[in-house]
Structures are given as C-alpha cells and as structure tokens.
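The values are calculated or read from the model by the stated rules, or taken from the named source; none is laboratory data. Since the structure is predicted, the reported quantities are computational estimates derived from the model, not experimental observations. Ideal geometry is used to build each Cβ from the backbone, glycine not excepted, and the neighbour counts take in all protein chains shown.
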Amino acid sequence: MTILVTGGAGYIGTHTCIELIKAGYDIVVVDNFSNSKPEALERVCEITGHNIISYKTDIQNKQELEKIFSQHNIEAVIHFAGLKAVGESVQLPLTYYQTNIMSTLTLCEVMKKYDVKNLVFSSSATVYGATDQVPILEESPLNPVNPYGRTKHMIEEVLRDLVKSDNNWSIALLRYFNPVGAHESGEIGEDPTGIPNNLMPYISQVAVGKLESLQVFGADYKTVDGTGVRDYIHVVDLAQGHIKALEKIIDTNGIEAYNLGTGNGYSVLQVISAFEKVSGIKIPYSIGERRPGDAALCYADVSKAKEDLKWGARKGIEDMCQDSWRWQRKYPNGYSQKSIKIYSN
Ligand code: NAD
Ligand code: UD1
C-alpha cells in the first residue's frame, strides 16, 4: 500500500517514514524543504536500506500535487507539512493562515479528485490553549491562544465538515503533546533553525557547548517544584502512533481526535536532571520570568488512543534525553553542510 507523506523530510516526518517502511508500506514524500534538508531523507534511506521516492514540491501547488497523485497509486495520506513556530505565527499570521490552511484545502481537493479519502493529520495539543485542567481529554474545550494553534483548530473543523459532507472519508486528528528525542541511531533528529524555543533542543545545545546557559521560564507555578510541567513524548513512539492511526482509518470511516502523549508530566527541573544523568554533563541554568502564554501544567489523558488505536508510548524521559543527546553530539550543527560527525558509537 502506498502512503503519501507530506512534510516527510521534517522532524516527525522522517521518524514516521522509518516506521512506515518497517511496517511494509511504500511511501512517497512531498516536501518543499522550507524547514528541512534533503539530507534528512538520505539518512532515512541509509537507516532503512530502502530508496524513497520524494518530490520537492509545495503542496499549495495543485497541479504538481495532481501529477504526483496521477503517477502513484496513493491510498492514504499522512499530512505533516506546515509551519509550526508559535512566536513566528504571532509575527506573520497571514503567512501561517495561508500556508497551513490553504495547503490543507488544496491537498484535500486533490485527494477528493483522486478518490483518496484516508487522512492522518498532525494536529497539536496547542488546540487546547493554556488550560490547567489536567489530564487533558479529547473532549476538553478547544481554545488556542495564538495563530499557529488557531490554524490547527480551523483545519480540524474543516476536516470535520468534510467528513459530514461525505462519509467515505476517514480521518485521524493526532494531537501531539511535546515531541522530543531522536532515532536511536543518532542519524536523524530535530534540527531547529537559529536559537531553539523549545526546552529539549535548548538543553542539548547547552550540553554540547553551543549555548551558555538555560533560562528556566518561571519557578513559581503550582507544580511539583514550581517549574512548568509538560507531557514529553519520544518521537519514535509518536511515529509508531501514526502507523496505528493509519491502520485504524483504513479499517473505518469517520473522524476522531486522539491525544498522543505519555500521560505523564515532567517539570523543567526534572528534565534537566534526567538529561544531566544520562549525559554526565552539568546544565547551567538560571530562573527567569514566566514566558507569556505558558500553562503551569499540560499532560494528556491517553486512554482513547490506548483503547481505539491499541497504542501507548513505551519510552521514558531518560530514553528521550539519551536519544536527543546522541543526535546532538553526533551532529552539533544538525543537517547543515558545515556539520561534522564528531562522535561515533
Ligand atoms: P518540521 O518543520 O520539522 O516538518 C514540517 C515539514 O513540512 C518540513 O520538512 C517543511 O519543509 C515541510 N513543509 C512546510 N510547508 C510546506 C509546504 N507548503 N509544502 C510542502 N512541504 C512543506 O515540523 P515537525 O516538528 O516535523 O512537525 C510536523 C507537523 O506536526 C507540523 O504540522 C506541526 O505543526 C505538527 N506538530 C509539531 C509539534 C512539534 O513539537 N514538533 C507539536 C505538535 C504538532
Ligand atoms: C511549545 C509551544 C506549543 C507546541 C509545543 C510543541 C509555545 C508557547 N508553545 O509548548 O504550541 O505545541 O511547544 O513542542 O511556544 N522552557 C524553559 N526554558 C526554555 C524553553 C522552555 O523553561 O528555554 C519551559 C517552558 O516554560 C515550558 C517547558 O519548558 O514549561 C516546555 O517548553 P517548550 O518545549 O517550549 O514546550 P511548550 O511550552 O509545551
């Protein structure tokens, strides 16, 4: 069975391509490489020993997309492509609404034309907004607080309307919590542009000496130690969740949202401590102000995914830190051409 993977060269996309290939699917990747490098797909080929058919195409380009659908017998789509930086979305709302929403509309129009009605969509826990009602259930109120989050919410609504209009569609909305970690080979991982906004890549870059010190955003929350608590999930567990969601949508019709997290929350200080333990490196940090828009606590109720998808995360916080660290120290400059492999097991 052939699966089209949009945004397949990105962080979660590459890890999912590996799991798809391992599960015996044929894949076709379409990516405009706006936030990724072709080298990431080359590494996926090396890891799996399989060639990947990939197209450098913007999925807003309907003609190009139609060509791809006419050339391959695509039966389902996993849709990762999109822009994902919260701060940037506040600065550039039109770019975010245009790219994320229009590309999804174009993709769905082409899927409809070619009678491909199985879709797994990358949503985000960000659709819930800054709630402190934890654990978060799929039925919890949706109240995104920034343009990025609103694009995800709007797309979810569009997809619900699509299913109402034609019950042959089968769609899974996967709401990821905090994806971290990397493939155990250390050959692929998260490669943020510039100074990372997210905790794990920031800690890794401090550990490898690219950044001096971490600023902890607030230590006066009502949490275990005052710092923010999140549901970190290993990207390989997350990738495997896509395979389970794919199996489910191929078997059924309709639309369902699923939380993909571990169901456990860790504070910033607990993550620092786990990272120090596995790396043997002290992470210098200072306590700073709260970051506007941050919630104190955010973790998932994952019983729906466990029940319906027969999926659950297996890896713990130390695996996540270990694998992030392996990738970071092997490739301190990510996929950049200047990167040199400085460490090998
Ligand atoms: P990523 O930026 O690494 O991957 C996205 C990929 O899509 C990139 O390779 C990029 O080049 C490509 N792309 C972007 N716009 C495109 C377009 N118009 N046409 C073709 N390709 C395009 O991001 P990721 O972390 O792998 O996230 C994948 C998806 O999961 C995104 O939709 C993101 O919003 C969502 N998500 C990510 C996180 C996270 O923390 N990483 C959390 C929740 C949800
Ligand atoms: C961020 C995004 C969210 C996205 C999620 C995916 C924001 C406001 N939200 O959420 O939309 O879905 O990533 O991974 O960007 N922290 C520090 N110092 C740092 C960085 C982070 O103390 O330098 C703290 C944060 O305050 C938070 C925790 O670490 O308590 C995790 O932060 P981060 O990795 O940015 O994730 P989220 O805030 O959950």
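Details
- Of all residues making up segment 164-204, the number that are away from ligand 2 (no atom under 15 Å from the Cβ) and touching a Phe, Trp or Tyr at 6+ places or on another chain (Cβ under 6 Å): 1
- For the condition among the aliphatic types (A, V, I, L, M), surrounded by fewer than 20 Cβ atoms within 10 Å (Cβ to Cβ) and touching a helix residue (DSSP H, G or I) at 6+ places or on another chain (Cβ under 6 Å), Ala9 does not qualify.
- Taken together, the residues in segment 89-104 that are away from ligand 1 (no atom under 12 Å from the Cβ) and part of a helix (DSSP H, G or I) amount to 5.
- Selection within segment 105-135 - part of a loop (DSSP other than H, G, I, E, B) and either among the β-branched types (Val, Ile, Thr) or within 16 Å of ligand 2 (Cβ to nearest atom) (or both): Val116, Gly129, Ala130, Thr131, Asp132, Gln133, Val134, Pro135
- Checklist (1) more than 30 Å from Val77 (Cα to Cα); (2) assigned to a strand (DSSP E or B); (3) charged (D, E, K, R) applied to Asp220, failing item: (2)
- From Ile272, Ile255, residue being more than 16 Å from ligand 1 (Cβ to nearest atom), part of a strand (DSSP E or B) and surrounded by 14 or more Cβ atoms within 10 Å (Cβ to Cβ): Ile255
- Exactly one residue out of Ala305, Ala313 is buried (at least 20 other Cβ atoms within 10 Å of the Cβ), touching a Leu at 6+ places or on another chain (Cβ under 9 Å) and assigned to a loop (DSSP other than H, G, I, E, B), and it is Ala313.
- Among the residues making up segment 140-163, those that are outside any helix (DSSP H, G or I) and away from ligand 2 (no atom under 11 Å from the Cβ) are Ser140, Pro141, Leu142, Asn143.
- Within segment 6-24, residues that are farther than 16 Å from Val180 by Cα and touching a residue at least 12 places away in the same chain (Cβ under 8 Å) sit with their Cβ atoms under 8 Å from residues that are polar (S, T, N, Q) and part of a loop (DSSP other than H, G, I, E, B), at 6+ positions apart or across chains, in these pairs: Gly7/Ser36; Ala9/Ser36.
- Any hit, segment 70-86, residues being modelled with pLDDT under 95, within 16 Å of ligand 2 (Cβ to nearest atom) and over 22 Å from His183 (Cβ atoms): yes
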